[in-house]
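The structure appears below as structure tokens.
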Amino acid sequence: MLSVVLADVRARFRAAGLDTPDLDARLLVAEAAGLDPDRIVLGGDRPLDADECARAEALAARRLAGEPVGRILGRREFWGLTFRLSADTLEPRPDTETLVEAALALVRDRQALLRFADVGTGTGAIAVALLTELPNAAALAIDLAPGALATARENAVAAGVGSRFFPAVADFATTLAVGLDFVISNPPYIRTAEIGRLAEEVRRFDPLRALDGGADGLEPYRLIANEAFRALRHDGHLLVEIGWDQEGDVRSILGAAGFVEIGTRFDLGGRARVVSGRRPGSAER
């Protein structure tokens, strides 16, 4: 019976000390049974056949071996949308929604014809989320990994914004198109020496290139800030996600690149999560 299998998996996850044992059990057992996770309780008296029980056991074993639920399912929710994951993509985290919120807060007219770049797009989560909110915008989605861009393209099409999503294989220093309304990025920002101290789920399953920000964790910001300043229209904005202790350094980098009105946006946990700056208007220079 489904309720029995769910209770067993949940108990094993709790005993293993997983951070979210009840949620993980619900998602994985629902996947094994082919049910909506939000309705799994209603189907508690539903019998599971041998194949479904075997699938539930296999999924539970992967979770107990340290594989994140998103990687097991091959997808992750972000901004109310479902994004497919691949080995080339970072798993989008809820805190990154603060970056989307910050960008939308700067848009005066959501119906406007806007052009923006998402640098290091990964799954495309940031760009796709913004395109669903900005119906006349177009996104240049940049990533160094062709596999990531293929995944991002699929996600854009699935969200109904594929015709306004333009992937390009490039790195952080690649010249962007000029005249952009804003540039947005969640770059690698972990110091190289700290990679080995990350949670096992992150070290084993997120791509290293999406984590490693160099010796001081700031090199991607330097590259993006200088290139974005050149590519943005006057009064255009750069927005970047930052690590927990990088606010001051990143604000300084944006200031050195020429940005003004540099600000910080905090996530729901009260941590500095986004730093943004405006390229001055022509009359200000």
Lys/Arg Cβ at +1, Asp/Glu Cβ at -1, dipole of the stretch 2-65 taken about the Cα centre: which of Leu18, Ala61, Ile40 is farthest positive-ward?
Leu18
Peptides 13-22, 113-122: what's the order by average Cβ count within 10 Å, highest mean first?
113-122, 13-22
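What Kirkwood hydrodynamic radius, in Å, does the chain give when the mean of 1/r is taken over all pairs of distinct Cα atoms and then inverted?
Values: mean 1/r = 0.0496 Å⁻¹.
It works out to 20.2 Å.
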What nm value, rounded to one decimal, do you get for the distance between Thr192 and Asp38 when each label is placed 7 Å out toward the C-beta?
4.6 nm
Measure off 7 Å from each Cα along the Cα-to-Cβ vector at Ser3 and Leu106, then give the distance between these two points in nanometres to one decimal.
5.2 nm
Spelling it out for Arg46: with amide H atoms placed in the peptide plane at 1.01 Å from N, the residues 5 or more places away or on another chain with amide H under 5 Å from its amide H are Leu2, Ser3
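Counting only other residues whose beta carbon sits under 11 Å from that of Phe13, what net charge do I get with K and R as +1, D and E as -1?
On the way: positive: Arg10, Arg12, Arg14, Arg26, Arg63; negative: Asp8, Asp19, Asp22, Asp24.
So the surrounding residues net to +1.
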Comparing Ile72, Ile224, Ile190, which has the greatest mean-square fluctuation in the GNM of the chain with Cα pairs linked when under 10 Å apart?
Ile72
Which residues' amide hydrogens lie under 5 Å from the amide hydrogen of Arg75, considering only partners 5 or more residues apart or on another chain, with H built in the peptide plane?
Leu85
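For the residues Val157, Val107, Val100, Val178, what sequence is obtained by ranking on other C-beta atoms within 10 Å, fewest first?
Details: Val157 14, Val107 18, Val100 22, Val178 10.
Fewest-to-most ranking of Val157, Val107, Val100, Val178: Val178, Val157, Val107, Val100.
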³J(HN,Hα) across the stretch 198-204 via Karplus (A = 6.51, B = -1.76, C = 1.60, θ = phi - 60°), whole Hz, x for Gly/Pro?
5, 4, 4, 4, 6, 4, 7
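Once you list every other residue whose beta carbon is under 12 Å from the beta carbon of Val183, what net charge do they have if Lys and Arg are +1 and Asp and Glu are -1?
On the way: positive: Arg115, Arg230, Arg233, Arg278, Arg279; negative: Asp118, Asp181, Glu227.
Within the 12 Å Cβ shell, the charges total +2.
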Just to be sure I understand the model, the point goes 7 Å from the Cα along the line to the Cβ. What's the resulting Thr174 to Glu154 distance in nm?
2.1 nm
Over all Cα pairs of the stretch 165-285, how is the pair count split among 10 Å bins, expressed in % and running from 0 up to the last occupied bin?
13, 42, 33, 11, 1, 0
Which whole-Hz couplings ³J(HN,Hα) result when phi for each residue of the stretch 254-259 is put into the Karplus expression 6.51 cos²θ - 1.76 cosθ + 1.60, θ = phi - 60°, listed in order with x for Gly and Pro?
5, x, 5, 7, x, 6
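Please list the equivalent ellipsoid semi-axes of the stretch 2-73, computed as the square roots of five times the alpha-carbon gyration tensor eigenvalues, in descending order and whole angstrom. Provide the component values of the computation, followed by the final result.
Values: eigenvalues 64, 30, 25 Å².
Semi-axis lengths for the stretch 2-73 are 18, 12, 11 Å.
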Remind me, relative contact order of the chain in percent, using alpha carbon pairs under 8 angstrom and six or more residues apart?
14 percent
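Any idea what the dipole of the chain comes to, in debye rounded to 20, about its Cα centre with Lys/Arg Cβ at +1 and Asp/Glu Cβ at -1? Write down the numbers at each step before the final one.
Values: 34 positive and 42 negative charges, 97 e Å.
Computed charge dipole of the chain: roughly 460 debye.
Read-outs: derived from the displayed coordinates by stated rules, not from any lab. Only a predicted model underlies this, so the values are computations on that prediction, with no experimental measurement involved. Note: ideal-geometry Cβ built from the backbone for every residue, glycine included; neighbour counts use all protein chains shown.
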